[in-house]
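The values are calculated or read from the model by the stated rules, or taken from the named source; none is laboratory data. Just so you know, these numbers come straight off a predicted model, no measurement behind them. Methodologically, a virtual Cβ is constructed for each residue, glycine included, from the backbone with ideal geometry; neighbour enumeration extends over all protein chains shown. Ligands, DNA and RNA are stripped out before the accessible areas are found, and what is left, the full protein with its side chains, is counted by its heavy atoms. Shrake-Rupley method; radii C 1.70, N 1.55, O 1.52, S 1.80 Å.
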Amino acid sequence: MDWFLQQAINGLGLGAIYALIALGYTMVYGVLRFINFAHSDVLMLGAFTALYVAPQIEKVAGAESPVGCVMVFVVAAAVCACIGMLIERLAYRPLRNRPKLAVLITAIGVSLLIEYTAQNEKVFGSAPQPFPKLLSDYEINLGNLVVSSNDILTVGVTIVLLVAMWWIVQKTRVGTAMRAVSYNQQAAALMGVPVDKIISFTFGLGSALAAIAGVLYAMKAPGIEPLMGVQPGLRAFVAAVLGGIGNLPGAVLGGFLLGLLETFAGGIPGLSNYRDAIAFGILILILLLKPAGLLGRSTIEKV
Amino acid sequence: MNFRGAKRWLLLGIALAILASYFSPQFNRYYLGVVIDVGIAIILATSLNLINGHTGQFSLGHAGFMAIGGYFSAWISLSVGESIQAFWYFPLSLCAGGVLAAAVGWLVGVPSLRLRGDYLAIVTLGFGEIIRVIAQNTEAVGAASGLKGIPKLTTLGWAFGFAVITVYAIATLVNSTYGRAFIAVHDDEIAAASHGVNTTRTKVVAFVTGAFFAGIAGGLYAHHKQFLSPTGFDWVKSIDIVVMVILGGMGRTGGVIAAAILLTLMPEFLREFSEYRMIIYSLLIILLMLLRPEGLFSFKTQRRSKS
């Protein structure tokens, strides 16, 4: 029983990160109907931004201070929001009216470009680098269970950001425009919605979420390297599809489910090597049985 | 390209392959290796072209089928012993790998080809990765450390012989009355279905045929490199093949062959800039999609346009 609860706690911590990444995938899919393959690389860039700004901020705010930590998150999110908008402007916008597959391949190309550029010795290099401690990490003992303060932070940040995203999408003018673009891009444009600006904003928002997830992931990971985003990115993508792509609460639900599943599978000897296969197996099953995902609504294709 | 005289080209190609393999001991070993790589790339690109280009079903798992064929035929070669010397052994083991790949292709294709567009791409990518993870954890094929000591059976003749057969088989298949269904599915699935084309079956046939030839290419690759590692079959390898098809122009056999040759030779030329090679490669993908989405080698007027 203790083992079960402990795995559940670890799974929630991991799942929160997947949920954050999945939120970004889902938001971009919601407005543009395409899978942003470069999302996981924006996550990596967020972690590296934090790696480079953390020492500077430490000088100002002092080591391991909460204020400094928040500043690192804000800077990483801002930098990545700009990168995300830049990618959208340069690579995806010219392809807006082309077949979807052309955009998909471009997205793969952007992803490979970021990965290989980052792996170059003159940029980040492919060797893992230690990530600075942003907050002092302590463990809370509850009976036989150990809860890390990092996990609480991750889950808390995820829930706050989910609520914030939900508020932006449902309650603000920008959010109304985002939903309009998602529903019918042409009609939204005719109603005076600045479609390009809205799409750009969505990319910025999604990339900022990826950056925050990247920093949280880096705080847990032993070191960061240019390919660090690939594995969580793939799992988060599975999570987004599992919850119903385009659906915000679905992405968070899918993320937590995937995180729990991964820690439970990892705890069972013999299954841990097949974790990737299990994630993809679930994805395939979901797509075949309920293509709209757990919380998604199925759409009818009109001729 | 006019395929009315395709049989003539088939015979000519096989004759050239036999002739070339007769002289191959005199070639420089490095160049010989590169040329065999080109032959394997042609098989991979042409077979994927049947799925992605002619039939318009976007598959990102071609490396997985290549892995199945490669591992299976290599495993046969390592377990049969003496009879490996027989002339007929090698093509038979390649075909065995191809048949297994085709069987898996059928299993994958029947459920997943109901999906469209990027969902199909993701599912095929997922299947490719699952195949890689299984190879990584199967002790019989060397698990993560890879399969070593595969006999060197791939010669220039076999590689190009099979390349010629692949190109011929797929070109004639697509140009037959039966094969028109592939193009019909590519152009408009709903219209094709309402004209009596069994779209699911057509897609599965394309998928299985493509997987068969990818399996053969995998076998040739295994007996050429003499070493198989699961990481060599990850999804970046699938992307490589997809890029060949896109660069050549989807559904254009001649262009795809040219692209396969070009993209296999390019890394050899870029050897001096090896640290920038992959950066250039990914930039090439992006620029290609932005500037020439119809493919680099498609100069003829668009025969059919896809909305």
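Observations on the model:
- Residue match in segment A:179-200 (condition: closer than 14 Å to A:A16 by Cα, open to solvent by less than 10 Å² (accessible area, probe 1.4 Å) and part of a helix (DSSP H, G or I)): no
- Of the residues making up segment A:133-148, those that are in a loop (DSSP other than H, G, I, E, B) and farther than 25 Å from A:L51 by Cα are A:G143, A:N144.
- Checked against (1) open to solvent by 50 Å² or more (accessible area, probe 1.4 Å); (2) not in a helix (DSSP H, G or I), B:V35 meets all criteria but (2).
- Residues located in segment A:79-103, provided they are open to solvent by 50 Å² or more (accessible area, probe 1.4 Å) and away from chain B (no Cβ under 14 Å): A:V79, A:C82, A:M85
- Residue match in segment A:218-231 (condition: within 14 Å of chain B (Cβ to nearest Cβ) and among the small types (G, A, S)): no
- Residue within segment B:197-212 that is part of a helix (DSSP H, G or I), out of contact with any helix residue (DSSP H, G or I) (no Cβ under 6 Å at 6 or more places or on another chain), charged (D, E, K, R) and free of Cβ contacts under 8 Å to residues at least 60 places away in the same chain present: yes
- Taking segment B:81-123 as the range and being open to solvent by 60 Å² or more (accessible area, probe 1.4 Å) and in a helix (DSSP H, G or I) as the test, the residues that pass are B:E82, B:S83, B:Q85, B:L92, B:V99, B:L100, B:W106, B:L107, B:V110.
- The residue that is farthest from A:A19 (Cα to Cα), among those in segment A:238-256 that are open to solvent by 10 Å² or more (accessible area, probe 1.4 Å) and in a helix (DSSP H, G or I), is A:L242.
- B:D187 being open to solvent by 30 Å² or more (accessible area, probe 1.4 Å), touching a Gly at 6+ places or on another chain (Cβ under 9 Å), closer than 19 Å to B:H62 by Cβ and among the acidic types (D, E): no
- Among the residues of segment A:237-249, at least one is within 14 Å of chain B (Cβ to nearest Cβ), out of contact with any Leu (no Cβ under 9 Å at 6 or more places or on another chain) and closer than 19 Å to A:T26 by Cβ.
- Odd one out for B:E82, checked against (1) more than 12 Å from every other protein chain (Cβ to nearest Cβ); (2) touching a residue at least 24 places away in the same chain (Cβ under 8 Å); (3) of a type in the set (D, E): (2)
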